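The values are calculated or read from the model by the stated rules, or taken from the named source; none is laboratory data. Predicted model only: the values in this text are computed from it and were never measured. Every residue, glycine as well, gets a Cβ built from its backbone with ideal geometry; the counts of neighbours run over all protein chains shown. Side chains are part of the model used for accessible areas, which takes the heavy atoms of the whole protein and leaves out ligands, DNA and RNA. Shrake-Rupley method; radii C 1.70, N 1.55, O 1.52, S 1.80 Å.
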Amino acid sequence: MKNEVVKEKIGFGVLLLATLLVVIPVLLIIWLILSKGWSALSWEFLFTMPRDGMRAGGIFPAIVGTFYLVIASIAFSLPIGVLAAIYLSEYAADNLLTRIINLAIINLAGVSSVVFGLFGLSLFVIFLKFGVSIISGALTLGIMTLPVIITTTREALRAVPKSYREVSLSLGASRWQTIRHSVLPFALPGILTGAILSIGRVAGETAPILFTVAAFYLPKLPHSLSDQVMALPYHLYIVTTQIPYIPENFRFGTALVLVGLVLIMNITAVIIRSKYRKRK
Amino acid sequence: MGHAEKKRCDMTDRREANNSSAGQVDHPDPKIKVRELTIHYGKVRVLNNLSLDIQKNEILSVIGPANSGKTSFLRSLNRLNDFEPNIRMSGSILLDGRNIYKDLDAEGLRKRVGMIFALPIPLPRSIHDNITYGPRLAGDHDKSALDQLVEDSLKAAYLWDEVKDRLRSSALKLSGGQQQRLCIARTLALKPEVILFDEPCSGLDPISTAKVEESMMELKKNHTIVLVTNNTKQAARVGTRTAFFLMGDLVEIDSTEKIFTAPADSRTNDYIIGRFG
């Protein structure tokens, strides 16, 4: 074999190895959670209230709480993020203000989640008097996911060829009509990707909800946006570190449910996305 | 070929920008009147003090090497230049005597001045949707009228027979030549008065090119056409008059026959016989 061919084979081998190194932890996590948590799954575990200081019964309120938080925060951040991205990518001139805004968005993405929690506590819980509630938690989580949604939406809008815009404009469409009919429909799959990423982030975050919404133990379901809820990630932390003598499969079962819930919501979004892709 | 009409050699020199000059007798009011048009992109001047007239029902071919400003000129005629970030323009463009940058709104102007791009760009929708895109956004929702419009436009672009059975299928499935004729049909659906062709055949094979040229010759009867082309032979085939641009300057504008047989400027001759460009 020639020297170049050998080099190439080694190069491909390194690339493959790197790829495997990425996959292995994912598989290990899934295997760990499944093997240790599967036995906890039951009708009672999924759909009843916790009992015995959370050592028995189910985690239903935490599931419902996390579900509500995801829906409420996405309902807040998706429209605002998409509208902001449309403005930034389609209308805003490249000037100092736009650059400052872009910088702010990048910095927002870099702020650690516990700081968002503190921010939510001071703004929503205390200053705006929303109290420790779903609305405070959802708004905090929503602000935290805004950078992701804005960035992915902007990339999706930029990926729509300039020629589509020019064709639409040349056919007498206004700028907004062009965005509405010749840009957004083709950017939608990318926008939904941003939403999917946010769902996972929102469902899994602990620090922001710690100050703003999460209850340690609350064996009833929320009735309104101003109620507190239990949430899966916080519950996982509690059952793992705060409560002695708890069956191990309760911990891993909770983790399994959290991962499963995110997976189900993601799959739903992926199905919606592929429907839009087909419509092209 | 239409360029045999000698009476059209109304040389529109920028020094005689006056309508009453001798060459203009047959055309007292041009469709489009460009006066002292200068365009800068940032610090780069792409068009320099351009003045010319475009007559009703003529095909004005614009030829010239790369960076001669011909596409910038074309895109100023339907104000598609508006969206270039660093553009500066001076001078005036009049459509039927009205200043397109002052007296007309851009959307209304673009319905009257249609454009065919270098590459056929069907929107990723059905053939029917592509053609009705403009009219529907303009508020036309009468289904039978739209169907009729689709048929008329496709027939005018010589595409009807090839696609009449699959109007609802994606426009992306058409061949390149068919797509370009679809783009022509789509522009025609707006019933424009002027049609701008920006190197419309640069991506097409000779047969498709011939079909597009054929439809141009037909469209000339009811439309004013400006054709920017890198293909000097195409300019010779279809142009009523031909303008030669070089580095942002209008070197020469005259009847196509004159330009291609006895150009006044040696640079025009050099370009046509292929010495540069």
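Observations
- Within the option set B:M115, B:M89, being surrounded by fewer than 21 Cβ atoms within 10 Å (Cβ to Cβ) and within 30 Å of B:K33 (Cβ to Cβ) holds for one residue only, B:M89.
- Residue that is farthest from A:L258 (Cα to Cα) [pool: residues in region A:13-46 that are of a type in the set (F, W, Y) and surrounded by 10 or more Cβ atoms within 10 Å (Cβ to Cβ)]: A:W31
- Restricting attention to region A:141-184, the residues that are of a type in the set (A, V, I, L, M) and in contact with a strand residue (DSSP E or B) (Cβ under 7 Å, 6 or more places away or on another chain) add up to 0.
- Residue in region A:73-95 that is under 17 Å from A:P247 (Cα atoms), open to solvent by less than 80 Å² (accessible area, probe 1.4 Å) and either modelled with pLDDT of 90 or more or among the aromatic types (F, W, Y) (or both) present: no
- From B:R136, B:R88, B:R110, residue being closer than 30 Å to B:F244 by Cβ, of a type in the set (K, R) and part of a helix (DSSP H, G or I): B:R110
- Test: residue in region A:181-189 that is more than 10 Å from every other protein chain (Cβ to nearest Cβ) and open to solvent by 50 Å² or more (accessible area, probe 1.4 Å): no
- If you go through region B:173-182 and keep only what is in contact with a helix residue (DSSP H, G or I) (Cβ under 8 Å, 6 or more places away or on another chain) and within 14 Å of another protein chain (Cβ to nearest Cβ), you end up with B:Q179, B:Q180, B:L182.
- Selected residue [in contact with a Leu (Cβ under 6 Å, 6 or more places away or on another chain), among the β-branched types (V, I, T) and in the same structural domain as A:T254 (by TED's automatic domain parsing)] from A:V160, A:V202, A:V167, A:V229: A:V202
- Top-ranked residue of region A:169-180 - restricted to ones that are within 7 Å of chain B (Cβ to nearest Cβ) and part of a helix (DSSP H, G or I), ranked as most open to solvent (accessible area, probe 1.4 Å): A:Q177
- Restricting region A:46-69 to residues that are touching a Phe, Trp or Tyr at 6+ places or on another chain (Cβ under 9 Å) and assigned to a loop (DSSP other than H, G, I, E, B), the residue that is nearest to A:I238 (Cα to Cα) is A:M54.
- Long-range neighbours under 6 Å by Cβ, at least six apart or interchain, first residue among the aliphatic types (A, V, I, L, M) within region B:133-155, second loosely packed, with under 13 Cβ neighbours inside 10 Å: none
- Subset of region B:220-246 [open to solvent by 10 Å² or more (accessible area, probe 1.4 Å) and in contact (Cβ under 8 Å) with a residue 12 or more places away in the chain]: B:K220, B:K221, B:N222, B:H223, B:N230, B:N231, B:T232, B:A236, B:R237, B:L246
Here is a yes/no grid of residues against (1) assigned to a loop (DSSP other than H, G, I, E, B); (2) on the phi > 0 side of the Ramachandran plot:
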| position | (1), (2) |
| --- | --- |
| B:K191 | yes, yes |
| B:L196 | no, no |
| B:C201 | yes, no |
| B:M216 | no, no |
| B:K221 | yes, no |
| B:P263 | yes, no |
| B:R267 | no, no |
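- Counted residues, region B:73-97 - those being in contact with an Asp or Glu (Cβ under 7 Å, 6 or more places away or on another chain) and facing chain A (nearest Cβ under 9 Å): 2
- Of all residues in region B:167-180, those satisfying the criterion of being open to solvent by 10 Å² or more (accessible area, probe 1.4 Å) and closer than 15 Å to B:K155 by Cα are B:L167, B:Q178, B:Q179.
- Of the residues A:G172, A:G190, the single one that is over 29 Å from A:L256 (Cβ atoms) and modelled with pLDDT under 90 is A:G190.
Here's the yes/no breakdown for (1) outside the structural domain of A:V148 (by TED's automatic domain parsing); (2) free of Cβ contacts under 8 Å to residues at least 60 places away in the same chain; (3) surrounded by fewer than 14 Cβ atoms within 10 Å (Cβ to Cβ); (4) part of a helix (DSSP H, G or I):
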residue: A:F211; (1), (2), (3), (4): no, no, no, yes
residue: A:L221; (1), (2), (3), (4): no, no, no, no
residue: A:V259; (1), (2), (3), (4): no, no, no, yes
residue: A:L263; (1), (2), (3), (4): no, yes, yes, yes
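- Looking only at region B:247-261, and only at residues there that are assigned to a helix (DSSP H, G or I) and touching a residue at least 12 places away in the same chain (Cβ under 8 Å), the one that is nearest to B:K33 (Cα to Cα): B:T256
- Across region B:119-129, the qualifying residues are those that are within 20 Å of the chain's Cα centre (by Cα) and crowded, with 18+ Cβ neighbours inside 10 Å, and the one among them that is nearest to the other protein chains (Cβ to nearest Cβ) is B:I121.
- Subset tally (residues that are touching a residue at least 12 places away in the same chain (Cβ under 8 Å) and either among the charged types (D, E, K, R) or not in a helix (DSSP H, G or I) (or both)) for region A:3-41: 2
- If the condition is being open to solvent by 40 Å² or more (accessible area, probe 1.4 Å) and more than 14 Å from chain B (Cβ to nearest Cβ), then region A:149-168 contributes A:T151, A:E155, A:R158.
- So A:R201, is it at pLDDT below 90, open to solvent by 10 Å² or more (accessible area, probe 1.4 Å) and assigned to a helix (DSSP H, G or I): yes
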